[in-house]
Amino acid sequence: MWKQFIGKLSWKAMKSSSGGGGGAGSPLAKTPPALPAPRENGSAGKPSASPPSPLAGSGAEVRSREEAFIQKVNICCAVYDFSDRGKDSPEKERKRQMLMSLVDCIGAAEEPLTETMIAACVRMFAANLFRVFPPKVRSGTTASETEEDEPFFDPSWYHLQVVYEFLLRFMTSPLVDAKVARKYVDSSFVSKLLDLFDSDDPRERDCLKTILHRIYGKFMGNRPFIRKAVSNIFYRFVFETDHHNGIAELLEVFGSVISGFAKPLKEEHKLFLWKALIPLHKPKSVGIYLPQLTYCITQFIEKEPKLAGTVIRGLLKYWPVTNSQKEMMFLGELEEVLELTDMAEFQKCMVPLFRRIATCLNSSHFQVAERALFLWNNEHLFDMISQNRQVILPIIYPALERNTRWHWNQSVLNVTMNVRKMFHDMDERLLLTCQNNFEEEEEKRAATEERRRLMWEQLERSAARGYHQPVIPADVICLLELLAIFYYKQDPVCMTSLSSSKPRAGLILT
């Protein structure tokens, strides 16, 4: 393949240099130069002064191959404006053809790339891919509005697609030495590549996802930096910007990365779970990347089941209060986590967990209440609840009883009755005890409300009778001031002591 590539370049160079020698129709102008005839022993021809060395010949071929490759790569370093399709169209198409030929060459090459060729390729990738995105027009919209917007497609994608294809072939090719390429695919390169995940074009983010996974697998020395850089992206998204286009793609990459973590998990990986992944439940746009986030978290729990309690406490920390759709997503993720939770970890967090579930059962949004009740359909969770019913049922029963009495939705009422029947079949005596306790609490609550009502009625009656402090008229104030001046002249010491004492309560001077 390389020989064909070099032959094409030499043929183009010869065509461009054949202007005055043989004319357009001269056979010499179209015929490639003949190869030198092989020398035989005993030939009459005059032998050359020094026979060519095979090593020298191979070195010259390598140099010519390298020069031709770098020449093509340098041509592809030119950057054009794709906002105007009619501008520089021949140059753009020529560059695209060059890129496609480079993709074919690196796919069919049989000899490893030299360090100079690798450096030229990385320089070309940086020139074409690393760019500053235009200001986001969506800055004034909310997260719910951006979810409904149609995706943006970059007008230069038909050109960038070939560059990404070349980069992917470059990263996966066995002819690219990882030790040599690591000098150029360094932290700066990886950092700028991660910045591209904020692209508005989903096609570009999909290509970046595959390439980042290949880089993580090939360059082991870059793995700690990649994990740290991705953590920083998550921190900025959660605590500063509240917007990033590539969170789902980054989580998808890290889903496969986490599955490859060795057991037992390192402390660094556990901190990544607690400080980077769990806070991703906070943003309003969590629904965009929740499946990928749930997969990453479940991978951690499968690696180390003791982390289930940490994950449940994290979910309770960021549990939504006023967003019903987000609350339903949390309930779905909670069920997946509880399926992987063992009994020891479940018992550590079951009290705050079922207090939150009881609140969800009494939600006025019928889908939230219904989704919380469907947790009892999970066999693993139902088994853990039945073994810890002495603790769980007293927490859950008041919510169940309120649903049966006052919930407006018939479907929620029916499912509540089914759950109540499950507890009745499980432990009838405990259910009756909880029912009696609930009745006592309701009586106390009713008495407290009655006392509060009577107190407010008394206050209203007092206000209606017009109780108020007496108001002293202005003419009386003047008379009192004259009397004070008179008595001061008669006995200054006595008046001074009277003026220093506190005034009598209830007198308001106007």
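The values are calculated or read from the model by the stated rules, or taken from the named source; none is laboratory data. Please read all numbers here as calculations on a predicted model, not as lab measurements. Cβ coordinates were reconstructed from backbone atoms using ideal geometry, including for glycine residues, and neighbour counts include every protein chain displayed. The area values use the complete protein model at the heavy-atom level, side chains included, leaving out ligands, DNA and RNA. Shrake-Rupley method; radii C 1.70, N 1.55, O 1.52, S 1.80 Å.
Here are the numbers:
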| quantity | calculated |
| --- | --- |
| All positions within region 204-214 that are touching a helix residue (DSSP H, G or I) at 6+ places or on another chain (Cβ under 6 Å) and either open to solvent by less than 40 Å² (accessible area, probe 1.4 Å) or within 29 Å of PRO135 (Cβ to Cβ) (or both) | ARG205, CYS207, LEU208, LYS209, ILE211, LEU212 |
| VAL176 in contact (Cβ under 8 Å) with a residue 24 or more places away in the chain, farther than 25 Å from VAL132 by Cβ and not in a loop (DSSP other than H, G, I, E, B) | no |
| Number of positions in region 70-101 that are in contact (Cβ under 8 Å) with a residue 12 or more places away in the chain, part of a loop (DSSP other than H, G, I, E, B) and open to solvent by 80 Å² or more (accessible area, probe 1.4 Å) | 3 |
| Check on TRP408, more than 30 Å from VAL311 (Cβ to Cβ), aromatic (Phe, Trp, Tyr) and without any contact (Cβ under 8 Å) to a residue 60 or more places away in the chain | yes |
| Any hit, region 453-474, residues being hydrophobic (A, V, I, L, M, F, W, C), assigned to a helix (DSSP H, G or I), open to solvent by 100 Å² or more (accessible area, probe 1.4 Å) and within 24 Å of ALA372 (Cα to Cα) | no |
| The lone exception for PHE382 - which of (1) within 23 Å of THR322 (Cα to Cα); (2) modelled with pLDDT of 95 or more it fails | (1) |
| Total residues in region 391-404, condition surrounded by fewer than 20 Cβ atoms within 10 Å (Cβ to Cβ) and under 11 Å from ASN362 (Cα atoms) | 4 |
| Residue count for region 336-351, restricted to those that are assigned to a loop (DSSP other than H, G, I, E, B) and either exposed (fewer than 15 other Cβ atoms within 10 Å of the Cβ) or among the β-branched types (Val, Ile, Thr) (or both) | 2 |
| From THR448, THR496, residue being more than 26 Å from LEU353 (Cβ to Cβ), at pLDDT 90 or above, open to solvent by less than 90 Å² (accessible area, probe 1.4 Å) and in a helix (DSSP H, G or I) | THR448 |
| Pick from region 352-367, criterion open to solvent by 50 Å² or more (accessible area, probe 1.4 Å) and of a type outside the set (Gly, Ala, Ser), ranking: farthest from VAL412 (Cα to Cα) | PRO352 |
| Total residues in region 251-272, condition open to solvent by 30 Å² or more (accessible area, probe 1.4 Å) and touching a residue at least 12 places away in the same chain (Cβ under 8 Å) | 7 |
| Check on GLU370, open to solvent by 10 Å² or more (accessible area, probe 1.4 Å), modelled with pLDDT of 95 or more and under 18 Å from LEU315 (Cβ atoms) | no |
| Test for ALA248: is it open to solvent by less than 20 Å² (accessible area, probe 1.4 Å), part of a helix (DSSP H, G or I), at pLDDT 95 or above and within 28 Å of SER187 (Cβ to Cβ) | yes |
| Failed item in (1) under 18 Å from MET417 (Cβ atoms); (2) outside any helix (DSSP H, G or I), with LEU375 passing the rest | (2) |
| Condition met for GLU379 (farther than 20 Å from CYS434 by Cα and among the charged types (D, E, K, R)) | yes |
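For (1) more than 21 Å from TYR216 (Cβ to Cβ); (2) open to solvent by 20 Å² or more (accessible area, probe 1.4 Å); (3) in contact (Cβ under 8 Å) with a residue 12 or more places away in the chain; (4) in a helix (DSSP H, G or I), each residue gets a yes or a no:
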| site | (1), (2), (3), (4) |
| --- | --- |
| THR298 | no, no, yes, yes |
| PRO305 | yes, yes, yes, no |
| VAL321 | yes, yes, no, no |
| MET329 | yes, yes, yes, yes |
